[in-house]
């Protein structure tokens, strides 16, 4: 069995990054606002935001002295990342299902 | 013609320790047994999802209340090596019957040995989903995100 053999994904494979993605989809936010809602430091939030920005999921904009982060409004990369996430999970579940001792009508031993 | 630029296809690979026939059968006949139940589009909780074993077959979910929601159609049915289905779920998480808005999923099953199979999946023509007006409206108007996020949050919660 090799359920670790699922390729692809990455950007939303990390639970904290997923949480940030979800928070930003609800409401554009600053680093500080995100850090308040998560059990991680501001600098950790910043690091995750950088990855999300590099991946095209998130954009930022200066507003006075604040920098506001939001999901990339073109939506394409976000949708793609989301579908990628679904497939990763689905293929892993499929891999487990192939090992299940089911199929009473197909017992070959 | 589409004005949306091509979106790179998604790909995934998994190697499983079963013969190719069994891998294909679990993927198709037993689709409802492994598809993560939180990823569904019907109003009712999903009871199961069904992939009809023939070219032109339906791919759909069945709710616990007996309702059915289409997801796509079977384009190629070549057991035990190849399967192509359409994915016609738009950005509002609804079935879009327009074949022009259908993305495609192709799955290859390759026997690495008598008891090992590599399954390669490609989800392509994603730009067709984006061409669908519903997705555009959902993203620009915010209408698509709440339902997407609800799904996403549920999935993330079930993770750990």
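Things to note:
- Residues in the range B:21-37 that a label on residue A:93 would reach, taking backbone N under 17 Å of a point 7 Å out along Cα→Cβ: B:26-37
- Span from the the range A:9-59 Cα centroid across to the the range B:5-24 one, whole angstrom: 29 Å
- The range B:1-102 shape via C-alpha gyration tensor axes, a/c threshold 1.5: oblate
- Computed lengthening from residue B:95 to residue B:112, 0.36 nm per intervening residue step minus Cα-Cα distance: 2.5 nm
- Inter-probe distance in nm under a simple model that places probes 7 Å from Cα toward Cβ, at residue B:58 and residue A:53: 4.8 nm
- Residue exposure proxy: A:66, B:58, ordered by other Cβ atoms within 10 angstrom of their Cβ from fewest to most, comes out as A:66, B:58.
- On the basis of the beta-carbon distance and an R0 of 22 Å, residue B:33 and residue A:14 show a calculated FRET efficiency of 0.20.
- Sorted fewest first by neighbouring Cβ atoms within 10 angstrom, A:27, A:80, B:82 come out as A:27, B:82, A:80.
Computed from the coordinates by the stated procedures, all read-outs in this text should not be read as laboratory data. Predicted model, so just to flag it, every value in this text is computed and none were measured. Neighbour counts are summed over all protein chains in view; Cβ atoms, including those assigned to glycine, are modelled from backbone coordinates with ideal geometry.
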